[in-house]
Amino acid sequence: MLATYVSAALICAASLLVGRALLSLAGQPRWTWLEPAVGFAALVAAAGLPARGPGHATTSALALVLLIAAAAVVLVLFPARATTPDDADPGERRRLVEGERDVVLWGLLVAIAAAAVLSIPFAISGRWGLLGVGFNNDLGLHLAWAEWLRSGFGPPPESGYPLGPHAIADTAAAVPGIGLGQAFVGEILAIGILTALTALAALPRLGPARRVLGAVLVAVSYLAASYYAQGAFKETAEALFVLAVALALRDPAPIPRGAVARLGYCLPWLAIAGGVLFAYSFAGLAWPIAVVALWSLALPATRRALAPRSVIRFLLRPATLIGLVVLAALAVLTLVGPLGFGAGFNRVAGSNTYGPVSPIEALGVWWSPNYRLDAPGEADLTWLAGAIGGAAVAAGAIWWLRRRDLAVPIAFAACALLYLVSLPFTGDYSQAKALMIAAPLAMLIAARPLLSEITDAPVGAARIAWTALAVVFIGGAAYSSFMVLRDGPVGPPGHGSELQSFLPILHGKPVLYAGQDRYAAYELLGADTHVPLVEFPDPAISPNPEKPFDTGDAYSPIDFDSFTKGTLDRFPYLITGRAAWNSQAPPSFRRIAATRSFILWERVGDAPARRRVLLEGTNAGSIAGCDAPEIRILLASRGRAAVFPDSVFGAKTHWSTGDVLRTGESTAQTLSLGPGRWRLSLQYFSPFELTLSAPGFRRTLEPALDGQRPNTISLANDGQFWPAGEIDSDGGPVRFTVTAAEPSTLQKLSGYDGSAHVANIVAVRAGKKRTVPLSAACDRWIDWYEAPEIP
C-alpha cells in the first residue's frame, strides 16, 4: 500500500515541477494551479512519444529523466518571483511571500484530502489491490502492455494505442520497492489528486474547508469516481486536461512579441495537446479544440477575424499554409503508422455497454454504486437526482455568466455539444466517456457558486435559497460518489496470485494460460504469457470450433479441449485449472508443477490429431444422451472415448436463495451422491471469503474476483471451475451450503453493498477418467473421443 502512495507522490511531484517550469517559460512568473495538469501532460507526452521506438520503456524513462532534469534547471535559472518590482511597498511584498507559503499549504491540504477520499475503496475492503477487478478488468490488459514495454514479454499493445501512462508506470516501477501494479494504481491515484489541485485555480477567496471541499468534489464527481473505481485512467486524464484548458482560458496571458517568446508561450498548450494524444489518442483532441473554438467565438476580435476577406488573407499567409501542412501530416500519423489508432478507435467507438449511461449522471448526483448497470432506470430516485443536479448546474451557470466569467460554462457547453453530436455515430461505450469528461466541469460550475454564496449572498431569502441548494446538492453529490468508492472493487490476491510460483520455470519462456483472466499476464510478469481473450484475440491462439471461447451468451471455461492442435503444439508450457471438472491432458503434455488451483504442464510431443469433443458449451464434457439420433450414430461407430467418473451437476439456478450473496448471507442446494469420495468443483466470484459446507465437510474459499471479463456484470458468464475440496458420502442426498463472511465493522458502518456470485457446482467421483469403447459411453459424460468417422 505504501508503495502505491510513493508512486502517486513521485508522479505528482514531477508533474508540479515540470508544469512550473513550462509556465515559467510561458511568461507566468508565479504559481497558477495550472501546473499540475500541464506538468502531467508533458510527462505523458515525453513518455509516450518514444514508447514504441527502440528501447521502449527504457527510452521513455530516459526521456522523463531528461525532462525532469531540464525543468529543474529552468527553475534554477528562472525562479518564480514572489515579489513585485523593486518599487513595490513592503505590505505588498509580504503578502506575496505569504501567498507562496499558502500555495504549499493549500497544495498539501488538498492533496491529502483527495488522497484520503480516493483511498476509500482500500479502507472499506480492508486490503490493497488492483482497482476495478471483476468489474471492468481493462487494467489487467494495460498492465500486460506495460510489461511488454519494459521486458518485451507478453501480448504486444494494440497498434497505435497511446502508451504514455503505461510508460510512466514503468518508470515509477523502476524505483526499488514499487511493483508495476502499485505504480499503475499510484498513477491512477495521482490523476485524481492532480485534478483536485488544478481545480484550486477556480476556487479563490474561499474559506479553507470550502476550498478543500470544492477541489475534492471536482476530482471525485460521480462519473469521475466511477471511472477511478474501475481502474480507468485515460478518461480521467482527458478530463484533467480539458479542465485545465477551461481554466487557462479564464484569464489568458497576452501573446508576447518575438518568435522565442511566442514559442515559450505555446509550450503549456503543446504539452496539453501531447498529453491528450498519448493518453487518449487523437480523438481526445476534439475536446480541447472544441473548448477553445467555442470560447474564441465569444470574443469580438475573433468574430471580426471570421469575415470572409480576413479568413482568406489569413489562410494565404506562408506561416498558415506551413502550419496546415504540418497539422495534416500529424493527422495522418494519428490514423496510420506506428502511432495510428484509427482502426482501433473505429472498433470501440460504436460498441455498447450494458445500457446507455444517463446524461444526468454527469451532473454529479446519482444514487447508485454502479453507473452502468443501473443507468437504464434501476437507480433510486433518478428524477430527484436529475432535478437537484440540473438546478445546481443551471443556477451555477447563471452565476458564472453574470460575472462574465465565461470560460468554464463555455467549456461545459462544448463538452455537451460533442456528446450530442456523437449520439448518432457512437455507441454507449463512447458516449459514457464523453459524459465522464464533462463531469468535473459540471461539478465546478455548480460547486463554486454554491460554496461562495452561502456566505456572500445578501442575508435573507437569497442566502437561504443558495444555502438550501448547496446542502442538498453537495450532500447528494458527496453521497453519490461515496457509494461508488465504498463498493469499488479492490482485487484480492485470488487464485491468480498462485501463478507466481511458476515463474522460476517460466521466466522468459512462452506459456499458454487456459483461461480468460486478464490479469494472468500480470501475475506472470517476466514470462511470455499468452491469454485467449475474446475481445483482444492473440494471433498465436486459435479456439477449437467445437468448444469456442465465447459460446454466444457466455464466456466458456477453458481447458485443453478449447484449443486447436496447432495452438497446443505451438507452446512449450500450458497452465490449466486444477478443478476435477476439467478436460484430461493429452499424452503430449506432462505435469511438472502445481498449486492449490493450477497445474503447469510441459509439452513433450505433438498433440493427438484425431482427438475431438462433443459440443460442450461451458462444461468440461458433454453428456452422450442416447436418445439423440446423432449420438446413437456416433456411439455405433468404432472408436474410443474418455469418460468422466460418475458426475453430479448442480446448476446455478438451483441455489435456494439465489446465486448472489452479500456479506453474512448463505444459499444452499442438494446433490444426490453415491457412496464414496467425491471431488467438488465450483464457479464463483467473491470480494470476500466464502465457506462451502455440508454435513462432515467444510472448505474455505478464498476471496477471488479473477479477471474474466465481464464476470459479475455479465448476464451469463460463470467463470472457471475451481477446486472446492473433497467429501466422503455414505450415499444419498447431501445439502451443500455456501456462506459469505460477516462484514467488517467499517463495512457495516458504511453500508457496504459488495456481493459474491456463485454458479454451478459439480461433484466428480474420485478416480481417473476411463477410456472406453464408444459403444460403452451411452449416457456418460464424455471428455473427448476418437472415431474413424465423424457423423
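The values are calculated or read from the model by the stated rules, or taken from the named source; none is laboratory data. In this text, all values refer to a predicted model and were calculated from it rather than measured experimentally. Cβ coordinates were reconstructed from backbone atoms using ideal geometry, including for glycine residues, and neighbour counts include every protein chain displayed. Ligands, DNA and RNA are excluded from the accessible area calculation, which covers all protein heavy atoms including side chains. Shrake-Rupley method; radii C 1.70, N 1.55, O 1.52, S 1.80 Å.
Of all lysines in the structure, the ones whose alpha carbon falls short of 25 Å from that of Lys509, not counting any fewer than 8 places away in one chain, are Lys565.
Counting only protein chains, not ligands or nucleic acids, how are Glu602, Glu665 ordered by accessible area (probe 1.4 Å), most first?
On the way: Glu602 45, Glu665 80 Å².
Greatest to least solvent exposure: Glu665, Glu602.
Rounded to the nearest 10 degrees, what's the angle between the helix 382-402 long axis and the longest principal axis of the chain, both from Cα atoms, 0 to 90? Helix 382-402 sits roughly 20 degrees off the main axis of the chain. For the chain, Cys12, Cys266, Cys415 stand unpaired, since no other cysteine beta carbon lies under 4.7 Å from theirs.
Tell me, what is the percent relative contact order of the chain, built from C-alpha pairs under 8 Å that lie six or more residues apart? Relative contact order, the chain: 14 percent. Once the Cα atoms are used to define both axes, helix 259-280 deviates from the longest principal axis of the chain by about 20 degrees. Peptides 19-28, 749-758, 491-500 ordered by packing proxy, namely the average of other Cβ atoms within 10 Å per residue, highest first: 19-28, 491-500, 749-758. Can you tell me the 0 to 90 degree angle between the C-alpha axis of helix 180-199 and the longest principal axis of the chain, rounded to 10? Between helix and principal axis, roughly 30 degrees. Only protein atoms count toward the accessible area here, which uses a 1.4 Å probe; on the chain, the carbon and sulfur part of that area reaches 64 percent. Computed from point charges on the beta carbon alone (+1 for Lys and Arg, -1 for Asp and Glu), the dipole magnitude for the chain about its Cα centre is near 1480 Debye.
Pull out a ≥ b ≥ c, the square roots of the eigenvalues of the alpha-carbon gyration tensor of the range 94-203, then state rounded if a/c is under 1.5, prolate if not and a/b is larger than b/c, and oblate in the remaining case. Prolate, because a/c is 1.5 or more and a/b exceeds b/c. Quick query: amide H of Thr551 versus all other amide H atoms, modeled in the peptide plane; which residues come in under 5 Å with a sequence gap of 5 or more or a different chain? Residues meeting the amide H criterion: Ser556.
Peptide packing for 33-43, 134-144 was compared via the average number of neighbouring C-beta atoms within 10 Å per residue; ordered from the highest value, the list is 33-43, 134-144. Take the chain with all the other protein chains still there, run a 1.4 Å probe, and you get 41 Å² of accessible area per residue. Within the set (i) -0.66, -0.91, -1.03; (ii) -0.43, -0.73, -0.89; (iii) -0.50, -0.88, -1.08, the number that log10 I(q)/I(0) by the Debye sum over Cα atoms at q = 0.06, 0.08, 0.09 Å⁻¹ takes when calculated for this structure is listed as (ii).
Just order 437-445, 687-695 by mean Cβ neighbour count inside 10 Å, highest at the front, would you?
437-445, 687-695
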